[in-house]
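The values are calculated or read from the model by the stated rules, or taken from the named source; none is laboratory data. Computed from a prediction, not measured in an experiment: that's the story for all the values here. Every residue, glycine as well, gets a Cβ built from its backbone with ideal geometry; the counts of neighbours run over all protein chains shown.
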Amino acid sequence: MIKFIEKIFEFIKNIFKKKEKLDYPRDFALIDFSEVATGLGVKGDKNKIITRFFTNRFGNLETKKYRYSEERVDILRNLHHVPVHDKTTQQIKFPIFSRILPGEINFLSK
């Protein structure tokens with residue numbers, strides 16, 4: 001009985017709770033390397049993906065993924081006026097699996 005009353009109280013509290021305001025643009029796109037490309041350390045335009053974030057008619061955030069091409073980016077920017085951010089221009093940082101101390105290095109001389 002107590003849990004039932006707590007659930008009703010939480011439900012009423014959620015109804016009158018202030019909804020958070022979203023701080024991202026209504027429609028934007030990000031260009032990034034695919035998961036396979038980042039795992040293998042491969043670069044190139046064929047390994048890029050455009051992820052477009054937009055709000056649907058119900059106000060929920062949805063995503064769509066497209067293959068990368070300069071034409072598609074140009075159409076998104078100029079025709080649809082969608083801001084596009086290219087994350088591939090930044091240098092990719094790969095994970096470090098182990099560190100080598102300077103004392104562990106052996107130099108060979110000929």
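Looking across the range 77-105, the residues that are assigned to a loop (DSSP other than H, G, I, E, B) and either among the small types (Gly, Ala, Ser) or at pLDDT 75 or above (or both) come down to HIS80, HIS81, VAL82, PRO83, SER98, ARG99, ILE100, LEU101. The combined condition, being within 21 Å of HIS85 (Cβ to Cβ), surrounded by 14 or more Cβ atoms within 10 Å (Cβ to Cβ), among the hydroxyl-bearing types (Ser, Thr, Tyr) and free of Cβ contacts under 8 Å to residues at least 60 places away in the same chain, is fulfilled by THR51. Residues in the range 15-39 that are at pLDDT 85 or above, among the aliphatic types (A, V, I, L, M) and either more than 30 Å from GLU70 (Cβ to Cβ) or not in a strand (DSSP E or B) (or both): VAL36, ALA37. Of all residues in the range 54-87, exactly one satisfies the criterion of being of a type in the set (Gly, Ala, Ser) and surrounded by fewer than 11 Cβ atoms within 10 Å (Cβ to Cβ), namely GLY59.
Of the numbered criteria (1) in contact with a Phe, Trp or Tyr (Cβ under 9 Å, 6 or more places away or on another chain); (2) of a type in the set (A, V, I, L, M); (3) part of a helix (DSSP H, G or I), the one ILE12 fails is (1). I need the full set of residues from the range 60-76 which are in a strand (DSSP E or B) and of a type outside the set (D, E, K, R), in order please. Hits for the range 60-76 are LEU61, THR63, TYR66.
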